[in-house]
Amino acid sequence: MGELYRLASPTSGFAAVQYVYKAQSVVFAFLHSQRFGDKQSPLRLRGLKEDHIYRLEGGRTYAGSTLMNRGITLPLEGDFSSCMLVFADEGACGSYFS
């Protein structure tokens, strides 16, 4: 059935959840209200394989370790902004580049 990760609590004005199932991960994020001058911190994902490459729908690739340790900047700006990111597991780094 997959795993559900709560990445950000809605009490902070920003909510994010991540679903991981087999070779796919989906992130749903919602910004309730943006404070003037505040920039959203990168969102750190969970439940991925550190040594795998993940392709974001649209083409860009990221290492699992980067997504979990450094995070990803979300395209959220303004009140009631939301986004959905879909990642596909492309396999281990070694097999990706061979």
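No value in this document is a laboratory result; all are computed from the given coordinates. Everything numeric here is computed off the predicted structure, so don't read it as measured data. Ideal geometry is used to build each Cβ from the backbone, glycine not excepted, and the neighbour counts take in all protein chains shown.
Return the calculated 222 nm mean residue ellipticity for the chain, to the nearest 500 deg cm²/dmol, obtained by summing -39500 (n - 2.57) across DSSP H runs with n ≥ 4 and dividing by the residue count.
-2500 deg cm²/dmol
Can you check what the net charge comes to around residue 49, using other residues whose Cβ is under 12 Å from the Cβ of residue 49 (Lys, Arg +1; Asp, Glu -1)?
Around residue 49, the charge tally is -2.
Treating only the Cβ of Lys, Arg, Asp and Glu as charged (+1, +1, -1, -1), what charge dipole size does the range 3-97 show about its Cα centre? Round to the nearest 20 debye.
It works out to roughly 140 debye.
Relative to the compact-globule scaling 2.2 N^0.38 Å, provide the ratio for the alpha-carbon radius of gyration of the range 3-97.
1.10
Most exposed first by the Cβ proxy, i.e. fewest other Cβ within 10 Å, how do 26, 20 rank?
26, 20
Considering Cα pairs under 8 angstrom that are at least six residues apart, work out the relative contact order of the chain and quote it in whole percent.
That works out to 29 percent.
How far apart, in nm, are two points set 7 Å out from the Cα along the Cα-to-Cβ line at residue 84 and at residue 11?
2.9 nm
In what order do 90, 77 fall by count of nearby beta-carbon atoms within 10 Å, going from fewest to most?
Listed from fewest to most nearby Cβ atoms, that is 77, 90.
Residue separation times 0.36 nm, minus the C-alpha to C-alpha distance between residue 77 and residue 57: what's the value?
5.2 nm
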